[in-house]
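Okay, structure first, notes after.
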Amino acid sequence: MVESRRFLVVDDNREFAQDLCELLALQGNHATAAVDAEEALQHLEHESFHGLFTDLRLPGQSGVELMEELNRRGLDLPTVLITAYVDEDVVQRAHSAGAIEILSKPLDIERWLDLARRLTSSARSTPANDAESPAADSEPRDRS
Amino acid sequence: MRVESQRLEEVTACFGLDSDSKATLASFSDLVKPEIPAIIDEFCQFVTRDPLIVRRANGIEINLHCLKHSLNHWLESALSGPHSGAAFLESRRRIGKAHVQIDLPQELMFTAMNCIRSRLLTFALRNISDSKQCEATLLSVNRILDLELALMIESYREQQQDQIKNHERLATIGQLAASIGHELRNPLGTIETSVYLMAQRLDTLGVIDESAQRHAVKARKQVQLCSKIITDLLELARSRAPQRQFVDIERVVDEALEGLNLPASVIQRKTIAPNLSTFADPGQLRSVLVNLLENGRDAMGGAGTLEVAGFAAKNGVAIRIRDTGPGIAKADQPRVFEALFTTKSHGNGLGLALCQRIVSAHGGTIELEQVPSGASFLVWLPNVVADRPELSA
């Protein structure tokens, strides 16, 4: 039995983030919405996720800065940037920060859902979830 | 721009060649005529050797034959006249435009003119024995060359100002378009997801309604279309230097024709010379062609002929796009390349201005040709010396 994937969706438009969560839920996933980097990091401290979808422009820290923060914390989370502001500069920065893909709004929904399906990562353990068993299809990882 | 055109007349009036000077010049003109080709030859050697000019020309092949021909014509007319009138001013204005196009440093106009001046004066001194006549000739030659120089500088200033104004306008529009375009993507994103979710809901509820499904598909298609329009607009508005590479003209024309969606009643005609190629930015060239083709298609509104021709011309490559629509009103013609000028009720007036910018960045020209019916645009790109490393990005 495959554990349903958990995704974190960050967009300063909460309704849009919730709509994306709804779309992910239709595919049998569990998704959480956040409106800024701060809220996202709070969720990340208490839950583990298989993937992160984030907008670039957020109040406070940007999507790229969020990704850089995750890198600093050693959180290896496959991330996809979804943004209205795509240009060469953005693409370069996002790739440097480790984004798997940069999608532009309006989304090609089928393509995005397909990407979500393909994202693989072991759910990173967090202090609160040490007891959780790893997902059936993910590799065993060292816990730091 | 219309007010500025008086300036050349004012400059001409300021130098005021009297009838005596004109007569002196006319007889000198007859005397020096056989010598003119040699003077121009020497001038061209001077010009093409100057490292500043060579660098500024951006690797564009200087067609010496054409240059000599134009210069001979100019010098002959400068000496023999007429020295005023609409045709005279128009030809001097064109010289200014050409100088601005090749970004000629103004100090070079002085040194270049000096080369011609010294040859003419020396010739006069050596060949006119009558001292009074000689004196009068020297004075008149100096006067006419000063007039020509003043006209060159003034017309250069005029053309440069126009160019700067248009660039600034485009830059502002570009910035505005970029920010609007990006802003529009957010609400489009929401429309896309909401329409999708609505369709999913109906599905979940087991409602099978063909009409609803059709509308959902249509709405999503339109959202994608909006997105494409924004992308194209942003692409055009970006002032990216051309990334030149070998471009096969037939191929880029085919690519431009591909997405055109011509109605069945419009005849498409394509005549490209074999093996026609250029060294240009393929994406930018394609946008120019698409823009011109779309304009032609829209002008004809359903029936007519859209013609694309490609041929070698004047040390370069020319592409002509012609339609059999109503053409462009005489009054509008001088303004077609202005940013924000449009005669279309649904156009954005940016297309031709941006086409001109792209073509200029390639060192080329785009013009509206004079045709008896319909509209015809001619794009000309100079042959570029491909082995200049400073040209590749």
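Read the figures in this text as sums done on the coordinates, not as results from a lab. Only a predicted model underlies this, so the values are computations on that prediction, with no experimental measurement involved.
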*Give the long-range amide H neighbours of A:SER62: residues separated by 5 or more places, or on another chain, with amide H under 5 Å away, using H modelled in the peptide plane at 1.01 Å from N.*
none
*Which residues' amide hydrogens lie under 5 Å from the amide hydrogen of B:LEU276, considering only partners 5 or more residues apart or on another chain, with H built in the peptide plane?*
B:ILE249, B:GLU250
*Dividing the Cα convex hull volume of the range B:94-221 by residue count, how many Å³ per residue is that?*
130
_How compact is the range B:6-164 by the rule of thumb for globular proteins, expressed as Cα Rg over 2.2 N^0.38 Å?_
1.05
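State which entries of A:LYS105/B:LYS270; B:LYS97/B:LYS270; B:LYS218/B:LYS270; B:LYS68/B:LYS270; A:LYS105/B:LYS218 exceed 27 angstrom in Cα-Cα distance in the structure shown.
Too far apart for the 27 Å limit: A:LYS105/B:LYS270; B:LYS97/B:LYS270; B:LYS218/B:LYS270; B:LYS68/B:LYS270.
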*Anything in chain B that counts as a DSSP H helix reaching 18 Å or more along its axis (C-alpha) with Kyte-Doolittle mean of at least 0.5? List them, would you?*
B:36-49
*Hey, what do the phi angles of the range A:14-20 turn into as Karplus ³J(HN,Hα) couplings, whole Hz, using 6.51/-1.76/1.60 and θ = phi - 60°, x for Gly and Pro?*
4, 4, 5, 4, 5, 4, 5
*Just report the Cα centroid separation between the range B:70-90 and the range A:33-63, whole Å.*
72
*Which cross-chain or sequence-distant (5 or more) residues have an amide H under 5 Å from the amide H of B:LYS270, H modelled 1.01 Å from N in plane?*
B:VAL308
